[in-house]
Amino acid sequence: MTALTGFTILHANRAEMLRDVILAWLARDPLSSPLDDEVFLVQSQGMAQWLKHALAESPAGIAAALDFQLPQGFLWRCYRAVLGEDSVPAQSPFDKAPLSWRLYRELPAWLHEPVFAPLARFVEADADPRRLYQLAHQLADLYDQYQSYRADWLAGWENGHDDITRHGRPAPLPEGERWQAELWRRLAGQLASARHTHRAAVHQRFVAALREGSPPPGSLPERVVVFGLSALPQQTLEALDAISRHSHVLMAVNNPCRYYWGDIVEGREWLRRQAEQRHRRRSGMPAALDDSTLHLHAHPLLASWGRQGRDFIALLADYDRWQSAAATHAQDIDLFDEAVPAETLPLLQQVQQAVLELEPLPAEPHRLPLPDHSIAFHVAHSPLREVEILHDQLLAMFDDPELALKPRDVMVMVPDISSYAPFIRAVFGKLPPDHPRFIPFALSDQSAVSTEPLLRALQQLLDLPALRLTVSEVLELLDVAAVRRRFRLRETDLPLLTRWIEGSGIRWGLSAAQRAELGMPDDFDQNSWHFGLDRMLLGYACGAGASWQGMAPYDEVGGMDAALAGQLADLLSTLAHWRQCLQEPATPAGWQARIAALVEACLDIKDEHDLLLYAGIADTLDNWVATLDGNGLAGTRLPLEVVRDVLLGQLADTSVSMRFLGGAVNFGTLMPMRAIPFKVICLLGLNDGDYPRSQNRADFDLMAQDYRPGDRSRRDDDRYLLLEALLSARQRLYLSWVGKSPRDNRPRPPSVLVEQLRDYLAAGWQATPSGTEPATTGLLAALTTEHPLQPFSPRYFSRAPDVRPQPDPPPLFTYDSDWRAIHDATDPPAEPAAALPLPLPDWDGRTDVVTLARFLRQPAATFLHGRLKVRFGELDELAEDEPFALDPLATHQLKSRLLEAVRDVPEAETGRHWHAAAIRLTEEGGLPFGAAGAQLLQACHAPVMALRQNWHRLDDLTDLPPLTLPPLLLPLAGDQTATLLAHCDGLQAVAADSPPLRRRVMRTGRLADSAGRGADTRWIPRLHTLVGFWPAHLALQAAGLAIPTLIVGETVTLQLAPLPADEARHCLQMLAGYWRQAHGEPLPLPCKTAGVWLQQQDASAARQAYEGGYHSTGERAESPALARLFPAFEDLDLARLDALATDLYAPLLASVTVPESAA
């Protein structure tokens, strides 16, 4: 070992400078043995990779013989090497994991004692078996922190002193917290033979051994490089100091300020240091600061955000002063940038230099020439929009030749990467690599459980006893390839299997037995997996037919695909078996074997990647069993809830990262000590309440009441993280948050840290528009862009000249060529797009009566659905709950089933057939269970019987099969022709072999409203109900079949009278023409409102029908298309509505009569 020892501390404001000096140092002074590794202590793998890249790009061209370690693991290995492996075990019984299980074992025997009453109340508050383990885990974590940060407390407790040190003074433990000292003494007493192995005791022995003598040869590395750490416990600094007596410790500190800034604080936390400091004070700063003058010498961002770094620098300064007084081996080197004239720098560099020079806010704001894009704020309506906006902004930066950016020069960080990962993949991953807008990206810091399908499947399997086993939960399990392979299913089988599951009425629950465990009635099997699977198998065996033992067959299962039902039965049987097995407690070794058998039964792992994952699971189980064996828990029977939480918690701590710094835009979580410099740093999700992130500390954490320099705090970490990001960005700093509500566009505040930065900028600078005189204006407007809700907003494509003053928000733009192409094609510069229809799309010239009926019901929606392919409403999702109530469509279908059962039977037989139909519906799972189903049937009885009665009032004719009419050619504008296809049902004649046709009979629900009473009753047709029958009626008339269409309703039967063929063809031609026109522009024609207008000619009544009133919601509220296109009644243009309604609906209303046979 060379003679070079000591503790060298390098201070610099740029990580690149620290890196270059370290590399030069290592090159100038290599290790004495070429076989030794260069030891680096870092806090993150990202920093390790950054240093490796730098070493590989050095003149040597290689990065080898490097050992990157975390500080705590390095120190424990040094403890063992210096003190002996016999004296210091590989894992201390006082470490968090073994201590958790020791507490889990011992606490039940101690909780009855009065001193532990607070703990007993927590455990007994709930019967959940996890509470005991959760308490043990929290206590172990607390004592683990005490070992690193409050070793003096533990030493006093071991000696019988129930006190702590607060603010440097001894203080007795509060009465309600004395259990902490007693519990530590109990643990130390149990582990008397290993008492000297807890971290605090080992640390004291280690420091004493190195200060009093020489360590064993080869026990310490020749050199230790500490790089990029912005916080360390004082205990770690003491250990590094002890090591530096025999090795060379080289610490590179990223210090944001060249001057001593230990006094620069905010609030009431004043540091009073009168001793001479190593760093000189800034010129003009007094030797002592008082509250009234502090703001004149403090940098606001350092004061607000810098507590963590400030305390670390102060610890180093105290250590430095102590070393200087002892005339020992400390050496300090400052490597700060020299100041340059601020007016020549962009805003970002001006802010960074102000921090470096410890400059307070100026008396007069600096002037900043515009444009300046070095700091940018972006306000969006949702996380998805944040990512979409970021994609466009990055493309603009890559196009800027002055920046000369590559994807690897960009770092994007968010408070929680798991919440943003789906949006990042959706936006950045939707384009192929050869697309001009493709940006390579890499996601880091994601939990393995959230990203690996195999681990998600294992999580679901371990959750089996707690799951309801809904349709989506089982199908989600089948989405995992390993599960499908085990049960001989292919991915292509899932759509058919899903259709069977939906059709057979499956909703949730394996069987009535499982539901009974959840508090449901013992006989509640309806809509369970057992119920649906039995229906499938019965349908395969018997086909459609009568019920068997209260079960209706589901007859869609058959042919070569029938094997799928058997494979589904195999899966459900396996899940039922393991659901029962997992509920039984077992020993740790028993759980290890049980989980291995569970994986073997449910997963067929063949993929190399999955095999590696499973190997990691097996290793985790091995280590867990060994830990419990070492703590005397080998024979303890543990419940599933505890085992599952422990295993999944350890797997969740494993992060899955793509190549960090691998040539792509890097996405990651805002993490401490990731101050790697990038040309562009983007921070997303800086929302109020989301950042700084909250830390839920245990009520019994005594450290929270006695802060010491070096303590870790989530909120202080997050504040310093933002400061590090601000100082690590070399060309651009991009900050984004969800600042507008997507529902009502109301503003939402950003993080308080963003507000502080904006306040600082607004107070320190004023924007000076380029090319203007000294007149200045506010800066924030020029730095902030508020984006529209949608990426296709016309604001992104506006060609209007920009007449606003330059300091206003930057212009909006998008690189999305798809939206731009649509907008350019529909927005001629001559006049606004709203005044012109879109070009009509190409079509094959065909339409049909069903399409025209749908158009008549919702003309405005045709533009959105047929032209823009925009559809409102929820996506189709499988039902996961048994039916408690039916929606209008399902209610209509139910009434139709019941009417079919009773329509053609004698009056005396209707009750029996009604009851039989109800039983069949129940056997199919189509009715709510129990009383709810009975109430629904009761509610349907009166309208169905009214329909039956109205039906029987008609003449008794014979039903005919559906009729397909010959195609009808309809001339349209522009020399186009529409070919109308019509398929008509409900036709009747005197007899099947007795033409001609007599009529068409259809049925519906409520067909008309009544006015008057008795003989004076007048029926007001419901236009929106009748329009569905009009196109087919017209097609029959145009084909020369002059027959009426009778529409049987619950209250009345109405008739659409026969029309002359020419008149019918004219109506169809006009209808097809308007339908075609609706593909180019939205027609202001709400159906219900048009009916009210035609029948009453009252604008106020039409307005109420559209916008609603006290007792009604209005048609606008029922149609998202109308609400989007015509938000107010005035937007409809009543004159045009009248013209359209007269053309399309007036002929229909004119043909409506009440037939004599139905009167």
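The values are calculated or read from the model by the stated rules, or taken from the named source; none is laboratory data. Remember, predicted model here, so these are calculated numbers, not experimental data. Note: ideal-geometry Cβ built from the backbone for every residue, glycine included; neighbour counts use all protein chains shown.
Annotation: of all residues in the stretch 600-642 being among the acidic types (Asp, Glu) and without any contact (Cβ under 8 Å) to a residue 60 or more places away in the chain, the one that is surrounded by the fewest Cβ atoms within 10 Å (Cβ to Cβ) is Glu608. Given the criteria modelled with pLDDT of 90 or more and touching a Cys at 6+ places or on another chain (Cβ under 8 Å), does Thr587 qualify? It is false that Thr587 is modelled with pLDDT of 90 or more and touching a Cys at 6+ places or on another chain (Cβ under 8 Å). Can you tell me which residues in the stretch 347-366 are in contact (Cβ under 8 Å) with a residue 40 or more places away in the chain and either farther than 16 Å from Leu780 by Cβ or outside any helix (DSSP H, G or I) (or both)? Once the filter is applied, which keeps residues that are in contact (Cβ under 8 Å) with a residue 40 or more places away in the chain and either farther than 16 Å from Leu780 by Cβ or outside any helix (DSSP H, G or I) (or both), the stretch 347-366 yields Gln352, Ala354, Val355, Leu356, Glu357, Leu358, Glu359, Pro360, Leu361, Pro362, Pro365, His366. Somewhere in the stretch 813-821, is a residue loosely packed, with under 11 Cβ neighbours inside 10 Å, modelled with pLDDT of 80 or more, part of a loop (DSSP other than H, G, I, E, B) and within 39 Å of the chain's Cα centre (by Cα)? Scanning the stretch 813-821, I find no residue that is loosely packed, with under 11 Cβ neighbours inside 10 Å, modelled with pLDDT of 80 or more, part of a loop (DSSP other than H, G, I, E, B) and within 39 Å of the chain's Cα centre (by Cα), so the answer is no.
Of the helices (runs of 4 or more DSSP H) lying entirely inside the stretch 578-670, the ones with 2 or more residues being closer than 21 Å to Leu107 by Cα, of a type in the set (D, E, K, R) and under 28 Å from the mean Cα position of the chain (by Cα) are found at 640-652.
Leu954 - would you say it is in contact with a Ser or Thr (Cβ under 7 Å, 6 or more places away or on another chain), of a type outside the set (Lys, Arg) and part of a loop (DSSP other than H, G, I, E, B)?
Details: in contact with a Ser or Thr (Cβ under 7 Å, 6 or more places away or on another chain): yes; of a type outside the set (Lys, Arg): yes; part of a loop (DSSP other than H, G, I, E, B): yes.
When the stated conditions are applied, Leu954 passes them.
Restricting attention to the stretch 409-429, does a residue exist that is out of contact with any Phe, Trp or Tyr (no Cβ under 8 Å at 6 or more places or on another chain), under 30 Å from Asp759 (Cβ atoms) and modelled with pLDDT under 95? Yes, there is a match, as at least one residue in the stretch 409-429 is out of contact with any Phe, Trp or Tyr (no Cβ under 8 Å at 6 or more places or on another chain), under 30 Å from Asp759 (Cβ atoms) and modelled with pLDDT under 95.
Scanning the stretch 77-115 for residues that are aromatic (Phe, Trp, Tyr) and either over 14 Å from Ala239 (Cβ atoms) or surrounded by fewer than 21 Cβ atoms within 10 Å (Cβ to Cβ) (or both) turns up Phe94, Trp101, Tyr104, Trp110.
Of all the numbered requirements in (1) under 23 Å from Ala1038 (Cβ atoms); (2) crowded, with 18+ Cβ neighbours inside 10 Å; (3) modelled with pLDDT under 90, Gly1114 misses one, and that requirement is (1).
Do we find a residue being out of contact with any Asp or Glu (no Cβ under 7 Å at 6 or more places or on another chain) and within 30 Å of Asn666 (Cα to Cα) anywhere in the stretch 128-139? Looking for residues that are out of contact with any Asp or Glu (no Cβ under 7 Å at 6 or more places or on another chain) and within 30 Å of Asn666 (Cα to Cα), one finds none in the stretch 128-139, hence no.
This table checks each residue for (1) in contact with a Cys (Cβ under 9 Å, 6 or more places away or on another chain); (2) of a type in the set (A, V, I, L, M).
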residue: Gln350; (1), (2): no, no
residue: Glu357; (1), (2): yes, no
residue: His366; (1), (2): no, no
residue: Leu370; (1), (2): no, yes
residue: Val379; (1), (2): no, yes
residue: Glu388; (1), (2): no, no
residue: Leu405; (1), (2): no, yes
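The set of residues from the stretch 483-508 being basic (Lys, Arg) and modelled with pLDDT under 90 comprises just one member, Arg507.
With respect to Ala448, determine if the residue is among the aliphatic types (A, V, I, L, M), surrounded by 15 or more Cβ atoms within 10 Å (Cβ to Cβ), within 30 Å of Leu572 (Cα to Cα) and touching a Ser or Thr at 6+ places or on another chain (Cβ under 7 Å).
Yes, satisfied.
Would you pick out the residues in the stretch 1109-1156 that are in contact (Cβ under 8 Å) with a residue 60 or more places away in the chain and within 20 Å of Phe1029 (Cα to Cα)?
Within the stretch 1109-1156, Leu1140, Asp1143, Leu1144, Tyr1145, Pro1147, Leu1148, Leu1149, Ser1151, Val1152, Thr1153, Val1154, Pro1155 qualify.
Checking each residue in the stretch 193-204 for being modelled with pLDDT of 90 or more and surrounded by fewer than 17 Cβ atoms within 10 Å (Cβ to Cβ) picks out only Gln204.
If we keep just the residues of the stretch 1070-1089 that are under 43 Å from the mean Cα position of the chain (by Cα) and hydrophobic (A, V, I, L, M, F, W, C), which is nearest to Ala1139 (Cα to Cα)? Step by step, filter the stretch 1070-1089, then rank; the result is Leu1085. Under the condition of being farther than 20 Å from Ser547 by Cα and in a loop (DSSP other than H, G, I, E, B), the residues counted in the stretch 897-932 number 4.
For every residue, the table says whether it meets (1) in the same structural domain as Asp20 (by TED's automatic domain parsing); (2) farther than 22 Å from Phe68 by Cβ; (3) assigned to a helix (DSSP H, G or I); (4) among the small types (Gly, Ala, Ser).
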| site | (1), (2), (3), (4) |
| --- | --- |
| Pro215 | no, yes, no, no |
| Val225 | yes, no, no, no |
| Leu232 | yes, no, no, no |
| Thr236 | yes, no, yes, no |
| Ala239 | yes, no, yes, yes |
| Val253 | yes, no, no, no |
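Residues are listed down the side, and each one gets a yes or a no for (1) more than 29 Å from Leu135 (Cβ to Cβ); (2) aromatic (Phe, Trp, Tyr); (3) surrounded by fewer than 14 Cβ atoms within 10 Å (Cβ to Cβ); (4) touching a Pro at 6+ places or on another chain (Cβ under 7 Å):
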{"position": "Ala698", "(1), (2), (3), (4)": "no, no, yes, no"}
{"position": "Asp706", "(1), (2), (3), (4)": "no, no, no, no"}
{"position": "Pro709", "(1), (2), (3), (4)": "yes, no, no, no"}
{"position": "Asp717", "(1), (2), (3), (4)": "no, no, no, yes"}
{"position": "Leu721", "(1), (2), (3), (4)": "yes, no, no, yes"}
{"position": "Ala725", "(1), (2), (3), (4)": "yes, no, no, no"}
{"position": "Ala729", "(1), (2), (3), (4)": "yes, no, no, no"}
{"position": "Trp737", "(1), (2), (3), (4)": "yes, yes, no, yes"}
{"position": "Arg743", "(1), (2), (3), (4)": "yes, no, yes, no"}
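Yes or no, residue by residue, for (1) buried (at least 18 other Cβ atoms within 10 Å of the Cβ); (2) of a type in the set (Gly, Ala, Ser); (3) under 27 Å from Leu894 (Cα atoms):
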{"residue": "Asn950", "(1), (2), (3)": "yes, no, yes"}
{"residue": "Leu965", "(1), (2), (3)": "yes, no, no"}
{"residue": "Thr977", "(1), (2), (3)": "no, no, no"}
{"residue": "His983", "(1), (2), (3)": "no, no, yes"}
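With closer than 28 Å to Leu1132 by Cα, hydrophobic (A, V, I, L, M, F, W, C) and either surrounded by fewer than 19 Cβ atoms within 10 Å (Cβ to Cβ) or not assigned by TED's automatic domain parsing to the domain that holds Ala1139 (or both) as the only criterion, which of Ala1099, Ala1105, Ala1057 stands out? Exactly one residue qualifies, and that residue is Ala1099. Do we find that Ala1072 is closer than 28 Å to Pro839 by Cβ, in the same structural domain as Pro1021 (by TED's automatic domain parsing), buried (at least 21 other Cβ atoms within 10 Å of the Cβ) and not charged (D, E, K, R) in this structure? Spelling it out, Ala1072 is indeed closer than 28 Å to Pro839 by Cβ, in the same structural domain as Pro1021 (by TED's automatic domain parsing), buried (at least 21 other Cβ atoms within 10 Å of the Cβ) and not charged (D, E, K, R).
Assessment of the stretch 916-930 against the conditions (touching a Pro at 6+ places or on another chain (Cβ under 6 Å) and either surrounded by 13 or more Cβ atoms within 10 Å (Cβ to Cβ) or more than 30 Å from Arg998 (Cα to Cα) (or both)) yields at least one matching residue.
So, of the residues in the stretch 1-55 that are part of a helix (DSSP H, G or I) and of a type in the set (S, T, N, Q), which turns out to be surrounded by the most Cβ atoms within 10 Å (Cβ to Cβ)?
Just the residues of the stretch 1-55 that are part of a helix (DSSP H, G or I), to begin with: 15-28, 45-55.
From the residues that got through so far, the ones that are of a type in the set (S, T, N, Q) too are 45, 49.
Numbers: Gln45: 16, Gln49: 19.
The qualifying residue surrounded by the most Cβ atoms within 10 Å (Cβ to Cβ) is Gln49.
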